[in-house]
Amino acid sequence: MTTNPVTLSQSSAEVRPIARPAGRLDTPRIALLVLLGAILLGGASLLYLNLAATVATSSTRLQELSKERRMLEWQRTEKAGDLARLANPQRLEQRANELGYRAPRAFTYVTVSPEVAAALDHRLLATPPAESGATETPGGWTNLQQQFQRWLAR
Amino acid sequence: MTPLDRQTQRRLALIFSVFGGFALVLALRLGYWQLMPHADLQAADSAAKLQPGQIKAGRGAIYDRTGLLLAGDVAEFIVAADLRAVTNAADVAAKLSPLVGRPADELRAGLEAKDGRTYTRLARNLNEATANQVRDAKLPGILVETEAKRVYPMGSTAAHVLGFVAADGKAYTGVEEYYDNALRGEDGTWGGALLVDPTRFRAPRDGFDLVLTIDANIQRMTERELSKAVEAQDAAGGSAIVMDPKTGAILAMASVPTYDPNRFATTPPDRFENPVISKLYEPGSVLKAVTLAAALEEGVASLNTSYDDVGYMRVGGVTIWDWDRVAHGRVDMRTMMRLSLNVGAVHLVQMLGPERFYKHLRDFGFGAPTGIDLTGEVGGLIRDYKSQGWGDLDLATNAFGQGMAATPIQVITAMAAIANGGRLVQPYVVQQIRQGDRVIKDTRPIAVRQVVSPQNIPAMHEALVGVVEQAVRASVPGYTIGGKTGSSQIPTDKGYDDELTIASFAGFGPVADPQVVILVKVDKPVHRQLGSEVAAPFFGVLARQVFDYLGVPPDNVRLAAENRKPKPGGDTQ
């Protein structure tokens with residue numbers, strides 16, 4: 001009959017850890033790690049919040065600028081609308097009639113040779129604007145002056 | 001567990017106290033913001049909520065071909081209220097009333113709405129100065145908002161071409177509806193009031209602008225002369241179109257009665273329809289031009305072909321009369337066209353036969369929409385020989401434009417084909433789609449098909465010039481004009497109306513180099529009924545104005561200029 005040379009008390013003693021590892025975490029270290037983690041987490045959160053705030057602020061600014069641009073576009077359209085109203089043929093016609101203008105009864109087309117056309121162009125270009133005659137009817141005083149000058153020249 | 005030494009305990013306690021203190025302050029601050037009432041914040045909050053997560057894209061503008069604005073968006077200022085933030089409705093209403101020009105009682109009723117609403121609009125269509133005054137008043141719960149408002153600065157000018165945009169942003173009729181996708185653009189997104197995800201931001205793309213082929217000046221001339229013609233005849237209404245026959249570009253398109261798109265809300269809805277593309281009528285004798293063209297194309301007749309005109313003809317048991325009920329004796333096709341004799345047109349279709357006649361009628365674009373870029377176009381009605389119940393009488397009446405239905409745009413497109421050398425062109429009203437100065441799309445003329453051979457064009461022009469020599473009031477001194485009158489009967493439930501007609505004239509000029517083709521149609525004129533009396537004079541007046549405006553030289557001037565041009569391979573004269 002064989003007998004077990006190892007007693008129960010001896011085997012128990014062998015499986016139980018006898019000593020802690022050198023770098024074991026004691027309570028102060030755990031607290032310190034928790035604190036470090038909290039600081040890191042807080043920092044990251046702050047960074048994220050800061051970024052989010054910056055984006056939100058930029059977004060708001062972008063929105064404001066966009067609104068401003070839209071307002072300017074609307075103002076531009078309003079001006080273009082004013083221009084269209086002023087240039088409306090119906091209004092111009094009415095205004096011209098008020099000023100005594102009438103539509104011409106007929107247009108007269110004159111055919112000229114290219115040489116004559118060139119000569120006419122040359123003369124027109126050479127004529128100073130004051131002498132070429134304004135499209136507007138001269139005022140009463142100007143008219144009187146012109147008549148006086150013509151009378152003197154006679 | 002090893003107990004902490006005293007120093008470590010103290011340090012930890014200090015750190016936790018600091019953190020705890022922060023937490024307490026944060027908690028108290030949170031409680032303060034959450035629990036305490038803040039009217040100003042509520043107002044700001046509701047203002048933020050009113051702004052949608054979407055950024056509205058601006059709607060494109062519409063210009064005429066000279067660059068005048070016909071439609072565009074401007075700011076509309078609106079005064080609204082966040083009812084939760086309004087603490088003293090009577091006081092707010094009293095202060096707001098003089099600013100917005102509404103009675104205080106009405107404003108107060110709006111502010112004290114008991115139907116559970118939290119938001120209401122109190123006044124709109126305010127100008128910027130008023131809006132600023134309301135803002136400066138800083139009334140609790142009162143908000144000033146801006147929205148786009150569609151305006152049509154030239155009022156009723158080209159209203160049927162433009163259509164309109166309702167307050168809800170939906171476009172109705174005209175180019176506004178047809179080009180809605182291009183004009184509308186694409187909305188953008190903010191990604192919420194507190195945007196933390198930049199990837200959710202999408203910038204809006206504003207709508208494209210449209211440049212029409214319409215010329216505001218020619219449009220004005222057309223509208224003015226059409227109104228005069230309709231008023232002079234106490235007519236029910238009328239339409240007129242001016243088209244470039246070579247391209248199909250519409251220079252003017254007018255109808256009476258019309259409306260102001262700025263006041264669409266108070267306009268009877270039946271006025272929104274564009275009669276030029278949507279209202280069918282029997283074109284009458286104008287269609288004889290198509291009948292003659294078909295006969296020339298098929299070689300069954302020439303201008304010298306003659307027949308004995310006894311003033312009437314029996315077809316399918318029914319007597320068809322010439323309009324004047326006079327026997328004209330031996331007449332050729334020039335005279336048939338000049339005097340607009342129905343019997344002669346019936347002779348032509350009988351020589352053609354139904355198959356060839358209806359083929360040409362459809363080739364000219366009748367019975368199908370022209371494809372013009374406007375909403376609401378209808379295709380017209382042709383009962384051809386394949387239709388149930390069709391008979392010889394249908395063929396005979398169709399020869400002179402009765403018993404069928406067409407739109408004015410179909411009639412002018414057919415006349416343009418005769419004017420331009422035989423090509424049927426697709427009419428269009430939008431010349432360019434633009435984004436700022438960048439041209440996105442430039443419309444090119446579309447030639448649908450050749451409907452008259454070039455060798456038959458001189459004969460067609462000769463016949464139509466002869467018509468204007470008869471209908472002398474359509475003539476324009478100095479210019480050779482071609483055209484055809486029409487005085488069509490109006491179908492009713494009990495056959496044709498005995499008295500009322502639709503008087504029309506479709507013509508073009510100068511015949512040698514057509515610059516414009518014009519259709520005039522006057523509905524139910526009271527004093528005179530014939531196209532030569534009602535529509536032809538209007539055509540003459542309008543054509544002269546258009547020629548003057550476009551600088552189209554009279555025939556003698558044009559010929560003189562052409563004679564001076566150096567001939568290819570020859571010496572300059």
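The values are calculated or read from the model by the stated rules, or taken from the named source; none is laboratory data. Bear in mind the structure is a predicted one, so any value in this text is a computation, not a measurement. Glycine gets a Cβ as well: all are built from the backbone with ideal geometry, and neighbour counts include every protein chain shown. We work out accessible area using only protein heavy atoms, side chains counted, and drop any ligands, DNA or RNA first. Shrake-Rupley method; radii C 1.70, N 1.55, O 1.52, S 1.80 Å.
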Legend entry - Positions within segment B:61-106 being among the aliphatic types (A, V, I, L, M), farther than 30 Å from B:ASP437 by Cβ and assigned to a loop (DSSP other than H, G, I, E, B), in sequence order: B:LEU83, B:ALA85, B:VAL86
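Regarding segment B:302-309, can at least one residue be identified that is touching a strand residue (DSSP E or B) at 6+ places or on another chain (Cβ under 8 Å), open to solvent by 40 Å² or more (accessible area, probe 1.4 Å) and more than 30 Å from B:MET336 (Cβ to Cβ)? Working first, answer last.
So the first thing to find is which residues in segment B:302-309 are touching a strand residue (DSSP E or B) at 6+ places or on another chain (Cβ under 8 Å), and the list is B:303-309.
The next check asks that each one be open to solvent by 40 Å² or more (accessible area, probe 1.4 Å); those that pass are B:304, B:306, B:308.
When the remaining residues are screened for being more than 30 Å from B:MET336 (Cβ to Cβ), the result is none.
Checking segment B:302-309: not a single residue is touching a strand residue (DSSP E or B) at 6+ places or on another chain (Cβ under 8 Å), open to solvent by 40 Å² or more (accessible area, probe 1.4 Å) and more than 30 Å from B:MET336 (Cβ to Cβ).
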Legend entry - Hits in segment A:84-104 - residues which are assigned to a helix (DSSP H, G or I) and facing another protein chain (nearest Cβ under 7 Å): A:ALA84, A:ARG85, A:ALA87, A:PRO89, A:GLN90
Inset, instruction - Test A:SER9 against the criterion of being more than 7 Å from chain B (Cβ to nearest Cβ), at pLDDT below 80, open to solvent by 60 Å² or more (accessible area, probe 1.4 Å) and in a helix (DSSP H, G or I), and give yes or no. - result: yes
Inset, instruction - Of the numbered conditions (1) at pLDDT below 95; (2) open to solvent by less than 60 Å² (accessible area, probe 1.4 Å); (3) more than 29 Å from B:GLY422 (Cβ to Cβ), B:MET221 fails exactly one; give the number of that condition. - result: (3)
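Among the helices (runs of 4 or more DSSP H) lying completely within segment B:107-180, list those that include at least 1 residues that are surrounded by fewer than 14 Cβ atoms within 10 Å (Cβ to Cβ).
Filter on segment B:107-180 gives B:128-137.
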Inset, instruction - Scan segment B:413-451 for residues that are open to solvent by less than 20 Å² (accessible area, probe 1.4 Å), under 28 Å from B:LYS359 (Cβ atoms) and of a type in the set (Val, Ile, Thr) and jot them down. - result: B:THR413, B:ILE418, B:VAL425, B:VAL451
Legend entry - Selection within segment A:31-79 - open to solvent by 60 Å² or more (accessible area, probe 1.4 Å), at the interface with chain B (Cβ under 10 Å from one of its Cβ atoms) and among the basic types (Lys, Arg): A:LYS67, A:ARG69, A:ARG76, A:LYS79
Legend entry - Only one of B:HIS328, B:HIS347, B:HIS360 that is within 17 Å of B:ASP392 (Cβ to Cβ), assigned by TED's automatic domain parsing to the domain that holds B:GLY422 and open to solvent by less than 60 Å² (accessible area, probe 1.4 Å): B:HIS347
